[in-house]
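Remarks on the structure that follows.
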Amino acid sequence: MKRNTNTAKISVTIPNDLAIEIKEIIPQGEVSSFFTEALGYYLTYVRQKKALTKGAGIWKDENYPELKTTRDTVDYINLIRKTDRAPALHINEKKGHYAP
């Protein structure tokens, strides 16, 4: 993992069993890098989870009748791949909005 030259030192308390396992597995001098990488992955997970929760229910079938079934969606994706165009270029002209 690439190190950032701007760092901050913080103190955290973790369960003793985790501390023992980290000391057994992670070489001395690499613990900070280990935590930085692990926290980076976890923060990405938390951001994705929040985005999915926020976006739940946004998709309405009535707005995209051409993508109502799984087969419709697969056909749409194959069309994009075949034409090598970005999804935003496929405009649903009847409704005036972009297909997903």
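Restricting attention to the range 56-70, the residues being on the phi > 0 side of the Ramachandran plot and either charged (D, E, K, R) or at pLDDT 95 or above (or both) number 0.
Taken over the range 9-28, the criterion of being closer than 15 Å to residue 39 by Cα and of a type in the set (S, T, N, Q) is satisfied by 11, 13. Filtering the range 22-81 to residues that are part of a helix (DSSP H, G or I), free of Cβ contacts under 8 Å to residues at least 12 places away in the same chain, farther than 19 Å from residue 9 by Cβ and aliphatic (A, V, I, L, M) leaves 25, 46, 51, 52, 74, 77, 79, 80.
If we keep just the residues of the range 1-30 that are modelled with pLDDT of 95 or more and β-branched (Val, Ile, Thr), which is surrounded by the fewest Cβ atoms within 10 Å (Cβ to Cβ)? Once the filter is applied, the top-ranked residue is 13.
No other residue among 83, 73, 44, 53 is over 30 Å from residue 6 (Cα atoms), modelled with pLDDT of 85 or more and loosely packed, with under 11 Cβ neighbours inside 10 Å apart from 53.
The values are calculated or read from the model by the stated rules, or taken from the named source; none is laboratory data. On a predicted model such as this, the values are computed, not experimentally measured, just so you know. Ideal geometry is used to build each Cβ from the backbone, glycine not excepted, and the neighbour counts take in all protein chains shown.
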